[in-house]
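Heads up, the thing below is written out as structure tokens.
Readers should treat all values here as calculations from the given coordinates under stated rules, not as data from a laboratory. Worth saying up front: this structure is predicted, and the values here are computed from it rather than measured. Every residue, glycine among them, receives a Cβ derived from its backbone with ideal geometry; neighbour counts consider all protein chains shown.
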Amino acid sequence: GAGVSQSPSNKVTEKGKDVELRCDPISGHTALYWYRQSLGQGLEFLIYFQGNSAPDKSGLPSDRFSAERTGGSVSTLTIQRTQQEDSAVYLCASSLYGRGVGETQYFGPGTRLLVL
Amino acid sequence: DQQVKQNSPSLSVQEGRISILNCDYTNSMFDYFLWYKKYPAEGPTFLISISSIKDKNEDGRFTVFLNKSAKHLSLHIVPSQPGDSAVYFCAARVGNTPLVFGKGTRLSVIA
């Protein structure tokens, strides 16, 4: 497809389990971002990948969160030992060149995570 | 500490009238501002942006105004259409740092 895709669209898990969320960015986009939107909140930055540079992990809320981007394309966000406060919509975005004036991020539809 | 604030969680406007969505920010170093629109079950889509060196940017029915002295940003939609009903997020950035988003304002355009 032409846009950013994410899977699964919905995920229900039990507290303490690990989950993996996948993002397929737009082909050719060098930058990839993960955000989280909790209920009633704005989008919260989690992590940013740009080309072969070291990722900006400054938004990850704890060491239970990690992300990889393989081959400069697909990314996986992993949450270990999930907690109820991890319940949120996890959004992935990509952009052609990355951060800078005029950069436009294109978002996927998100993965709705519910931790019981 | 919320750096980008959208103080109105919701707004209702009659079709054909002007919609004005407001955003206040606290960080005077922000140099780039954006508005995103989000429909239910979809990701946000970019709408319009403005650099801090400008005070107005217009794109069709959408105009963004920036008042740096007041640290205030607004989005005007004229005329409003039912398809504009969505959640609108204001976002801002300093240089190459991550975008900071507001909590959003839900706009309902009533036919």
So the FRET efficiency between A:THR30 and B:SER28, C-beta based with R0 = 35 Å and rounded to 0.05, is 0.70
Determine the shielding of peptide B:32-45 by partner chains: average, over its residues, the number of Cβ atoms on other chains within 10 angstrom of each Cβ. 4
Tell me the label-point distance for the pair B:SER51, A:LYS57, using the 7 Å Cα-to-Cβ offset, in nm and rounded to one decimal. 3.5
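For B:TYR88, what charge total do you get from the other residues with a beta carbon under 12 Å from its beta carbon, if Lys and Arg give +1 and Asp and Glu give -1? Let's see the in-between values first.
Details: positive: B:LYS37, B:LYS38, B:LYS103, B:ARG106; negative: B:ASP84.
Neighbour charge sum, excluding B:TYR88 itself: +3.
Kirkwood hydrodynamic radius (Cα pairs, Å) of chain A?
Details: mean 1/r = 0.0708 Å⁻¹.
Taking every pair of different Cα atoms in chain A, averaging 1/r and inverting gives 14.1 Å.
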How large is log10 I(q)/I(0) at q = 0.10, 0.12 Å⁻¹ when the Debye formula is applied to the Cα atoms of chain B, each weighted equally and without solvent? -0.26, -0.37
Using the Karplus curve 6.51 cos²θ - 1.76 cosθ + 1.60 with θ = phi - 60°, what ³J(HN,Hα) values do you get for each residue of the stretch B:74-84, in whole Hz, with x for Gly and Pro? 9, 10, 10, 10, 9, x, 6, 10, x, x, 7
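Find the relative contact order for chain A and round it to a whole percent, using C-alpha pairs within less than 8 Å whose residues are 6+ positions apart.
Computed value for chain A: 38 percent relative contact order.
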Please sort by residue number the GluC sites (Glu not before Pro) in the stretch A:5-113 whose DSSP state is loop and whose Cβ has at most 12 other Cβ atoms within 10 Å. A:GLU14
Select from A:SER27, A:SER58, A:SER94 the residue whose mean-square fluctuation is largest in a Gaussian network model of chain A (Cα-Cα springs shorter than 10 Å). A:SER58
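Express the C-alpha Rg of the protein assembly as shown as a ratio against the empirical globular expectation 2.2 N^0.38 Å, rounded to two decimals. Mind showing how you got there, number by number?
Numbers: Rg = 17.6 Å, N = 227, 2.2 N^0.38 = 17.3 Å.
Expressed relative to 2.2 N^0.38 Å, the Cα Rg reads 1.02.
Per 0.36 nm of contour for each residue apart, how much would the distance between B:TYR39 and B:ARG17 grow if the chain were fully extended, relative to their Cα-Cα spacing?
That works out to 5.9 nm of additional length.
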Checked against a 20 Å limit on the C-alpha separation, the offending pairs among A:LYS57/B:LYS38; B:LYS71/B:LYS103; B:LYS38/B:LYS68; B:LYS37/B:LYS103; B:LYS5/B:LYS38; B:LYS37/B:LYS68 are A:LYS57/B:LYS38; B:LYS38/B:LYS68; B:LYS37/B:LYS68
Checked the stretch B:25-67 against the a/c 1.5 cut and the a/b vs b/c comparison, axes a ≥ b ≥ c from its Cα gyration tensor; verdict oblate
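Across the residues of B:90-97, average count of Cβ atoms on other protein chains within 10 Å?
Numbers: counts 1, 3, 0, 4, 0, 3, 8, 5.
Per-residue shielding by partner chains comes out at 3.
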